[in-house]
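To keep things clear, I will list the structure first and then write my remarks on it.
The values are calculated or read from the model by the stated rules, or taken from the named source; none is laboratory data. Bear in mind the structure is a predicted one, so any value in this text is a computation, not a measurement. Cβ placement follows ideal geometry from the backbone for every residue including glycine, while neighbour counts extend to all protein chains displayed.
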Amino acid sequence: MRTVGLSFRSGAALFRKFHPAPVQMPANRPRARSLLEEIQQTRPFRSDSQEAALALLRTASVVSRRFARVVEPHGISLAQYNVLRILRGAGPAGLPTLAIRDRMIDEGSTVTRLLDKLEEAGLVSRDRSRPDRRQVLCTITPAGEAMLVALDPAMAAADDATMSVLGAAELRTLIALLGTLRTGGESRDGERR
């Protein structure tokens with residue numbers, strides 16, 4: 001059997017890679033309840049994977065509700081807000097309906113229905129007069145832009161308030177872990193499994 005020698009310096013670096021220094025916790029961090037407590041479940045989870053998946057879904061729901069409370073008084077849903085932000089980012093050229101669908105945070109949203117409601121409210125416009133009548137080009141209207149400008153400060157405050165319980169290093173770790181989970185569902189050729 002062949003052994004590999006590690007110097008103290010390389011061994012210490014390897015240890016730090018997998019056991020980082022304790023993270024400084026924000027002072028305002030509330031005590032985290034376990035998911036079992038939160039959902040009042042008495043039986044243990046089948047596995048850590050099940051608990052992690054359910055905790056992720058529960059957390060996404062809690063965070064979504066916080067953001068929905070910001071946009072709903074303006075007469076739009078969180079999914080409609082997402083469409084408006086996508087169209088604002090697209091600029092004056094707008095985007096086809098399918099491109100909007102591909103950029104949505106919630107992939108289950110029915111984009112056509114969202115666009116119908118936003119168009120009725122005067123927040124988006126759709127141009128069907130292109131050479132290919134099957135393609136509909138969507139743009140944000142000045143009223144849609146104005147709504148986003150009005151919502152921007154409240155949404156930024158909601159972002160900050162939601163994430164304020166995490167330190168900077170924890171935020172970077174969370175972003176990386178969530179990215180790994182999202183791309184872990186893709187096959188090697190980029191198609192979703």
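Tabulated results
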read-out	value
In the range 117-144, the residues that are of a type in the set (A, V, I, L, M), at pLDDT below 95 and in a loop (DSSP other than H, G, I, E, B)	Val136
Options Leu114, Leu54, Leu87: the member that is outside any loop (DSSP other than H, G, I, E, B), touching a Gly at 6+ places or on another chain (Cβ under 9 Å) and of a type in the set (A, V, I, L, M, F, W, C)	Leu87
Qualifying residues in the range 162-177 (those that are touching a residue at least 12 places away in the same chain (Cβ under 8 Å) and not in a loop (DSSP other than H, G, I, E, B)) - the one farthest from Ser64 (Cα to Cα)	Ala169
Members of the range 79-117 found to be of a type in the set (A, V, I, L, M, F, W, C), farther than 22 Å from Pro142 by Cβ and loosely packed, with under 12 Cβ neighbours inside 10 Å, listed by number	Leu98
The one condition in (1) over 16 Å from Leu95 (Cα atoms); (2) out of contact with any Phe, Trp or Tyr (no Cβ under 9 Å at 6 or more places or on another chain) that Thr162 fails to fulfil	(2)
Matching entry among Ile76, Ile140 (being more than 22 Å from Arg182 (Cβ to Cβ), in contact (Cβ under 8 Å) with a residue 60 or more places away in the chain and either buried (at least 17 other Cβ atoms within 10 Å of the Cβ) or over 19 Å from the mean Cα position of the chain (by Cα) (or both))	Ile76
Yes/no for Ala32 being modelled with pLDDT under 90, out of contact with any His (no Cβ under 9 Å at 6 or more places or on another chain) and within 29 Å of Asp160 (Cα to Cα)	yes
